[in-house]
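Structure record follows, encoded as structure tokens.
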Amino acid sequence: MFFVDYACAECQEEVKILPRSSHEFRIVRSLYIFENDTKKCDEAEFLLVPSRAPFCDSHDLSVTFSSVAVLPNGTNMLPYILLNVSIWVNNPVSSVFLRLECLGAPNMEDDYCHNHEEQSRRWGRMIWPCRSLTLSEPDLVSYPYFFNYHCFRLTSYSHYRLNVSYAPNACRKSFIVTIPEEAQMNPAISRFYDKDAASGGNYWSPLASVDLTLRDRVVIRYEKQPALAATPISIAVFETIASSSAHLFTNTLDAGVVEYAWKNVPAGNFTVYLYVSRLDCDLICNSDTVDKCTLCPSTRIYFTVEEDKIWFSASVHGLLSHGTCVVGASMLCFVVTIGFLFFFLAIKCFHKVPLREVLLSHRTTVFIAYVDDCKPHSDCIAVLAKVLQHSANVDVFMDQFELKYSETLPLRWFVNKFAVANHVVLIFSEGASVILHGESLIQRQPFPEFFSVALNMLIAEYSKDVTKQSGKLLSEIRPRFAFAYMTYSPSSVIPEELTTLPINIFKLPEQNLISWLHNQPSDIYVDVCVDISDLKSAVNEVVEYRRKNAIWLTERLQDKHKNFGSAFALQNVPFQSNRSVLTPEEQINIAEVLNLEPPDIHSSIEEIRSKEDDVFALIGSPSDSSFDSDDSTSNRKHLQ
């Protein structure tokens, strides 16, 4: 293994080689030549790599980016950011070239982008800085080898193109890189300017890069700060058409994920925002509300996709490029088999409406309410949400994604997301059933259960709509809500009283929820081709967990924390006859429960009756009549 680390403090390269016979590193400077003269590097690249060389495959060349904060050490200077480029070369290569080109800089003080007088004076033309690493003895190097360089200085909001190429197998990779405000990206720089500055995920946005060299997708990456490893990042994609922008979708990545692969990308101009989702700020402020609007810290990166990046066309291209060695007979059999396959699929899909054209043209949102029955069940719901996010063009609002590592108040988050979601899905389960009957589950998550509250709000909103739109059919009033249950739960987990409501019920993952989320009419059949293998595996894990632990639900119950009544009473309230006062025995029982002094049970009947008269002295006794002519009685009645 061969390592090169080119440090920027004095721009001195450091080389480490891992010999085949030992695991210890030793420095060998005779195996490589590092060229930091831009003119010589440019001339060598011109000779070895064609200007329109094809793009490298990801397996041949891997490039990642990170930032290096340079803080002043007793010198009269301000902090700044360096771009750290890490390159893994997996195939035998003798030369690697990298070049940083400025695409645009709003800050006119960015000399790298705006001041090229020195380059023009020295070379007669502008040459973007070029660096190269050449192996003098490639046969002695074990692959893959690693090349690290961090001497390129970045300026806030400027956009750069980092080009990497290698020879003799001439190919190249190209990336767009940008950073936000320096103090916003690096906590150390923020503390340099303000020692009392607030820190944490709510005040941070990352270095971002975009890989546009892949045929079938655009890969968006960001740098994760070590201190914010548990903070999930959201990616919002906008398309710019003329002078306006249209929001395409927003995706929230898991805390440990640092890249997002956007597949089936149309040609066009795009803007991507990377930010930490919060309720107390907005990603974009309208001109009407700019005075009252608070912007969330974010990183904006702009890029242009020249031609459509379609997964199917890339697959076909790969088959053609690697199929030249296939014998004729095998190829003929393959073509015939594919022909029959397409023939039968065409017959099967003749009357079907294409999913992507009809359903997935617009991004929709859904709020998922569920009960934390057990860890496998909650994990299964999370997998379901990720399938909807990644494959169904849906933004999912769920507590696991947004409350685990957030400082937002849970109830405020719930009310906000419940109100703005296009759809609300309540997933019933055995845990939900016991909660609706007044039991409580031991809390595992750092946030409360919202299922009962969501159900109450659903009923309240549904009742309000019935009152306002009494002329409509019940089935036309509220298509926003749906009930669901997983295949490992019986349908009886949904109370019978709720099944009478004209609300859709889905058995997941067997029944198609995606069509409903995109407001597709139920009478139009749509063939939804979504990979749910991960969801099926999660379902199997729940089944296996329950099989091994038959008393799992009993273990989750809080025996000593029963509720006094059901969180949501599904049955009609039973009729109770009017009684003037409680019996002495009932009074004693209630006093013991509420830790009050018990009443005197030895009072005479006359005393009790006199107390009864006192009770109704102001509001009138049940025996009073509106036709009673007695003045005192009439006065008591009018006070009511």
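For the pairs 507/548; 375/417; 224/548, note any where the Cα-Cα span goes beyond 28 Å.
Pairs exceeding 28 Å: 224/548.
Using 0.36 nm per residue, how much length does the chain from residue 550 to residue 306 gain when fully extended, once their Cα-Cα distance is taken away?
Extending this stretch completely gives an extra 82.1 nm.
Put a dot 7 Å past each Cα toward the Cβ at residue 420 and residue 146; how far apart are the dots in nm?
For the pair residue 146/residue 420, the computed spacing is 4.1 nm.
At a Förster distance of 56 Å, what's the computed FRET efficiency of residue 181 paired with residue 500, Cβ-Cβ distance as r, to 0.05?
0.50
Give the peptides 102-108, 423-429 in descending order of average Cβ contacts within 10 Å, highest first.
The most tightly packed comes first, giving 423-429, 102-108.
Pop the C-beta distance of residue 391 and residue 280 into the FRET formula with R0 = 30 Å and round what comes out to the nearest 0.05.
My answer for the efficiency is 0.45.
Would you mind checking which residues have amide H under 5 Å from residue 172's amide H? H placed 1.01 Å from N; only 5 or more apart, or other chain.
55, 56
Whole percent per 5 Å bin, from 0 to the bin with the longest distance: what is P(r) over all C-alpha pairs of region 193-252?
Each 5 Å bin holds this share of Cα pairs: 4, 12, 17, 20, 19, 12, 8, 5, 1, 0.
Ranked by Cβ crowding within 10 angstrom, fewest neighbours first, how are 224, 39, 548 ordered?
The order, fewest Cβ neighbours first, is 548, 39, 224.
Suppose the chain between residue 588 and residue 137 were pulled fully straight at 0.36 nm per residue; how much longer would it get relative to their current alpha carbon spacing?
152.7 nm
Each label point is 7 Å from the Cα along the Cα-to-Cβ direction; what then is the distance between the points at residue 215 and residue 47, in nm?
Each label point is offset 7 Å from its Cα along the Cβ direction, giving 3.3 nm.
Between residue 263 and residue 239, what is the spin-label point distance in nm, taking each point 7 Å from the Cα along the Cα→C-beta axis?
1.9 nm
If we count other beta carbons within 10 Å of each Cβ, what is the order of 203, 193, fewest first?
Exposure proxy ranking, most exposed first: 193, 203.
How would 447, 146 line up from fewest to most surrounding beta-carbon atoms within 10 angstrom?
The order, fewest Cβ neighbours first, is 146, 447.
What does the net charge come to around residue 116 if you take all other residues with beta carbon closer than 13 Å to its beta carbon, with K and R at +1 and D and E at -1?
Taking every other residue near residue 116 into account, the sum is -2.
Compute the normalised compactness of region 180-322: alpha-carbon radius of gyration over 2.2 N^0.38 Å, N being the residue count.
For region 180-322, the normalised Cα radius of gyration is 1.20.
Throughout, read-outs are computed from the coordinates displayed, never taken from laboratory work. None of the values given here were measured: they were computed from a predicted structure. Glycine gets a Cβ as well: all are built from the backbone with ideal geometry, and neighbour counts include every protein chain shown.
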